[in-house]
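Some notes on the structure that comes next.
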Amino acid sequence: MSKYITMIGLEMHCEISETKSKVFSSAENSYKSTPNVNVRPIDMGFPGTLPVVNKEAVRMALMTSMMLGCSQPEYMYFERKNYYYPDMPKNFQITQETKPIPVGIYGKLEYECNGEMKSVRINNIHLEEDAASQDHYSTYSTIDYNRACVPLLELVTEPDFRSADEAVAFLETMRSIYQYAGISEADSKKGQIRCDVNVSIMDADKDPSDPKNWGTKVEMKNVNSFSGVRDAINYEIKRQTELKEDGTYDEMEQQTRRWDEETMSTIYMRAKVDAIDYRYFVEPNIPKYKLSKEWLEEIRKSIPRLAMERKQEYIDKYGLSNYDATILVKEKAVSDFYEETIKLGSDPKIASNWVTSVILGHMNKNDLKISDLYITPTMLNDLIKMVNDGKISSKQSKEIFYKVLSDKKEPKVLVEELGMKQIGDDNTIRELVCKVLDEHLDLIEEHRKGRNVFDYFVGQVMKATRGQANPSLTAQIIREEIEKR
Amino acid sequence: MKYMNLSIEELHELLISGKVTSDELVKEALELSHQVQEKCNAFVTILDDAKGTEVNDNLLSGIPYGIKDNYSTKGILSTGSSNTLKDYIPFFTATAIENLEKSGAVAVNKTVLDEFGMGGTGTTGHTGVVKNPWDTTRMCAGSSAGSAAAVAAGVYPYATGSDTGDSIRKPAAYCGIVGYKPTYGMISRYGLFAFASSLDHCGVLTRSVKDAAIVVDNMKGIDKNDMTSWDSSKINLTKSLTGDVKGKKLCYIKEICDESMYPNASKELKEHLKNYRGVLDKCKELGMIVDEVSVDLTLLKALASVYVVISCAEATSNMSNLTGIVFGPRAEGDNYYDMMKNYRTKGFSPLIKRRFVIGSYVLQAENKDRYFHNAQRVRRLLVDTWKKLFKDYDAVILPVGSGPAKHLDGSKDILDKDTQILEEHLQIGNFGGFPSITIPDGFINGLPVGVNITGNCYDDENVLNIAYALESSMNYKGQIAKEVSHE
């Protein structure tokens, strides 16, 4: 048992990637590697431009608020956060403060961490615009306005996480929620997720529910990957614990630090007393508007089944193991593929085996996404059906699977082309068996004497059919025909 | 040849009947522009290569007009009368101007304003002081100074304006013409350089109420680029001018216009108020009911401060985009912040910088409730007071300012602190987004003065019709500035 309790709070920024246009601009909202192509005059702050709220972004923000168990406001407001920065051409950001209330306040989310259910309180979630992105070189910097005004959801938790594992498990859950709800790809490689992390430690023998016992809050800005969040938290716990042990912890001021990936350490930026006054006020160009109960209800009803729900269903309804169900729901696209296959008639357990071992195995080995594969749920269903109907053997079906991917042809076509049909017809096989037996009357004698020639007969039938005869049926018929003689 | 002193309808008749061509009108307006530029310094840009357009059924087609230089015009220098944008050529056109272009209107110049509309004198634009065509030793008031001077001088029948406190309606009074700002959001603000977004209105300066109605009918309309714009397609201002105002109810506010409120009134103010009382009599003669009402003086005295706090706060944020990095003349500097600082320090006039300081101060966390939020509360109280009046009355009728145009050399005017409410009350029209129109109502020493009529939101037709009837009962419609002589 550690001498200290760690308190961790997160501010998670996630870009909404699934709207057609940006949040206050009619420019396209899409990730582009070519800089400055998704730009309208307002994205660069030209005089006379005005923000226009994207209703779809508001809908997605409200849906997130609901999924996090937050309360939604009666009226929508936006506010201006005023500060000068090169990546913000207007030099103010349109965002939401906590008063008047943003798209969501005071929620709670259950999430799983190392097999245990945990819970975190959500302080608020708000909708705002992203800034442009910058790249710095030795003598100059470049700015890309593609990202300016992209809708961004900022979620603020209470300091309820007690370890880096919990914080990261929460972030993974949120990523899955954003993906399942069709709100964001939530891809940190595209810079769609960025986090600010608060860490403090306090004596373990004191009551953590009393803020008086809390330690000094240290905030780490712009941690851009989940592994970064884990490393930054662990580094900071270690650093703060050492201060405690040295007896210098109480001298530490409330401060903002920066996580440095290269040195794997946090670096002091500024003290809380130097915090910027953002001079917030209500954005006058966006009239406050009432959110109708009907619309909110419509949004609530349209919340799709999330990963947890799907997983439980796979276990309860399909009898899958917790392990397999967990793997299947990890990526929404994979889970969708699996469900589609079942919908077409495949047995849930067989389909699960295919997806979790064959398909995911291939994807992981080659670092591919399921959408990169040529195979569709319909094709997988066909494969499974052909095995079930005894048309091809299970071994053949695997061969066909890889052929589908490499040749980009449908399984049915490949089976046809390769002449890979299983002979399951009783009469056809019986005819062949009789022919083989007639040719080897001497061996039947040997068989009766006790020599094992059974496998030889099976082999002969297989040879004659180029492996297409159903093996178990062939064996059965051979047994019957020998009995007859 | 002299057509530009005519009304829009008269010009339209001449164009339709082929007695004059659009090109001829444009040529005349350009010649007059150069003359008035010499005399009044009213323009930032004169569009010498402007060409006439095809004349069609639209009353505005083929007729020249002027654009205040804080409207964004594609391919045409748009400075906001500020050094910070002295070479800025936009690549998009303001919706209101686009609407006029669609009507076939021909822009012939861009008019001078107080820098970004922040000022009421017409003296702070980067191209210098705008002089009043009635008396070039006097100001036009602002900020739509160039537009007012040009329309009064007869360069064309109308010019666009913008109005955040009284920037259309006061210059109109000082120049003896009509100034109208419709209900907030009737005309899109997209492409208007923002001063204080919650108070900014687009509008027009003309020489008659009918011309104002015709122009705004063509400028207005809901705009997908401005969320505060609304659908006014059922409103036809021009058609609403019947002149029938029998039984309409007007009120005036004792605390603003009663002579007893100004014990130290100057001779000019006394004449102005006397003239105004005569106008009230005319209203009664037209069959309107005119009542005196009373409003808490404490509330009225807070008006000017409320305006300063809210407008400066919004302005300091709105104009943060002016850094010289993306547009405007980029300044030198070792880093981004120095470049920005040098650009803003050099580019803005001291008046604007002072307002930015006030705006930042009132928004700071420790001051915000005391200043900014309180100002918003008082704004609400004032608007509610006026809305209550509009339950009983069609409009409030009040004198504009405390007399005729002030001298450019301020020392010639006797400063009277007591008249502040009289000078500032038009700002209530911006607080509430009310439709508000100033029309000329007489002369003092050969200089024009004006009266203002303000009504409830969305009641523009009613307000304009009252102004139209009143205008018809006086002799100042369509007047062109005649320079007063100085002995």
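Here are a few things to note about the model shown:
- Segment B:295-349, subset touching a residue at least 60 places away in the same chain (Cβ under 8 Å), within 12 Å of chain A (Cβ to nearest Cβ) and among the polar types (S, T, N, Q), residue nearest to A:Pro47 (Cα to Cα): B:Asn318
- Residues being farther than 18 Å from B:Tyr458 by Cβ and part of a helix (DSSP H, G or I) - total across segment B:197-223: 6
- Note on segment B:36-50: among residues that are farther than 14 Å from B:Ile67 by Cα and in contact (Cβ under 8 Å) with a residue 24 or more places away in the chain, the one that is surrounded by the fewest Cβ atoms within 10 Å (Cβ to Cβ) is B:Lys39.
- One residue from B:Lys131, B:Lys181 being modelled with pLDDT of 95 or more, in contact with a His (Cβ under 7 Å, 6 or more places away or on another chain) and away from every other protein chain (no Cβ under 14 Å): B:Lys181
- A:Ser302 touching a helix residue (DSSP H, G or I) at 6+ places or on another chain (Cβ under 8 Å) and within 27 Å of A:Val387 (Cα to Cα): no
- Meets criteria (closer than 21 Å to B:Ser167 by Cα and within 14 Å of chain A (Cβ to nearest Cβ)) for B:Leu113: yes
- Residues that are part of a helix (DSSP H, G or I) and surrounded by 12 or more Cβ atoms within 10 Å (Cβ to Cβ) within segment A:432-441 comprise A:Leu432, A:Val433, A:Cys434, A:Lys435, A:Val436, A:Leu437, listed in sequence order.
- Set B:Ala141, B:Ala145, B:Ala152: member being among the small types (Gly, Ala, Ser), buried (at least 24 other Cβ atoms within 10 Å of the Cβ) and under 15 Å from B:Ser82 (Cβ atoms): B:Ala145
- Filter pass, A:Ile267 being surrounded by fewer than 15 Cβ atoms within 10 Å (Cβ to Cβ) and within 30 Å of B:Cys312 (Cβ to Cβ): no
- Selected residue (criterion: surrounded by the fewest Cβ atoms within 10 Å (Cβ to Cβ)) from residues of segment B:363-401 that are within 14 Å of another protein chain (Cβ to nearest Cβ) and more than 16 Å from B:Leu303 (Cα to Cα): B:Glu366
- Whichever residue in segment A:76-98 is more than 11 Å from every other protein chain (Cβ to nearest Cβ) and part of a loop (DSSP other than H, G, I, E, B) and, among such residues, is surrounded by the fewest Cβ atoms within 10 Å (Cβ to Cβ): A:Thr98
- Filter result for A:Tyr278 (surrounded by fewer than 17 Cβ atoms within 10 Å (Cβ to Cβ), within 14 Å of chain B (Cβ to nearest Cβ) and within 30 Å of A:Met88 (Cβ to Cβ)): no
- Candidates A:Ser119, A:Ser133, A:Ser188 - the one that is touching a Phe, Trp or Tyr at 6+ places or on another chain (Cβ under 9 Å) and modelled with pLDDT of 95 or more: A:Ser119
- Search result, residues across segment B:224-267 that are assigned to a loop (DSSP other than H, G, I, E, B) and β-branched (Val, Ile, Thr): B:Thr228, B:Ile235, B:Thr238, B:Thr242, B:Val245
- Residue in segment B:28-82 that is farthest from the other protein chains (Cβ to nearest Cβ), counting only those that are of a type in the set (Ser, Thr, Tyr) and under 14 Å from B:Ser147 (Cα atoms): B:Ser33
- The single condition among (1) buried (at least 22 other Cβ atoms within 10 Å of the Cβ); (2) assigned to a loop (DSSP other than H, G, I, E, B) that A:Ser138 does not meet is (1).
- Any chance B:Tyr65 is more than 30 Å from B:Gly324 (Cα to Cα), assigned to a strand (DSSP E or B), hydroxyl-bearing (Ser, Thr, Tyr) and modelled with pLDDT of 95 or more: yes
- Taken over segment A:336-363, the criterion of being part of a helix (DSSP H, G or I) and of a type in the set (A, V, I, L, M) is satisfied by A:Ile342, A:Ile350, A:Ala351, A:Val355, A:Val358, A:Ile359, A:Leu360, A:Met363.
- The set of residues in segment A:26-57 that are more than 10 Å from chain B (Cβ to nearest Cβ), within 28 Å of A:Ile177 (Cα to Cα) and part of a loop (DSSP other than H, G, I, E, B) comprises A:Ala27, A:Asn29, A:Ser30, A:Tyr31, A:Lys32, A:Ser33, A:Asn38, A:Asn54.
- Number of the exception - A:Gly419 against (1) on the phi > 0 side of the Ramachandran plot; (2) in contact with a helix residue (DSSP H, G or I) (Cβ under 9 Å, 6 or more places away or on another chain): (2)
- Segment A:58-75, subset of a type in the set (Gly, Ala, Ser) and surrounded by 21 or more Cβ atoms within 10 Å (Cβ to Cβ), residue nearest to the other protein chains (Cβ to nearest Cβ): A:Ala61
- Counting only residues that are at the interface with chain A (Cβ under 9 Å from one of its Cβ atoms) and either over 15 Å from B:Lys68 (Cβ atoms) or among the hydrophobic types (A, V, I, L, M, F, W, C) (or both), segment B:89-103 holds 3 of them.
Rundown of residues vs (1) within 19 Å of the chain's Cα centre (by Cα); (2) part of a loop (DSSP other than H, G, I, E, B), yes/no style:
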residue: B:Trp386; (1), (2): no, no
residue: B:Leu389; (1), (2): no, no
residue: B:Leu422; (1), (2): yes, no
residue: B:Pro440; (1), (2): yes, no
residue: B:Gly450; (1), (2): yes, no
residue: B:Val463; (1), (2): yes, no
residue: B:Leu470; (1), (2): no, no
residue: B:Glu483; (1), (2): no, yes
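The values are calculated or read from the model by the stated rules, or taken from the named source; none is laboratory data. Keep in mind that what you see is a predicted model, and the values were worked out from it rather than measured. Cβ atoms come from the backbone with ideal geometry, glycine included; neighbour counts cover every protein chain shown.
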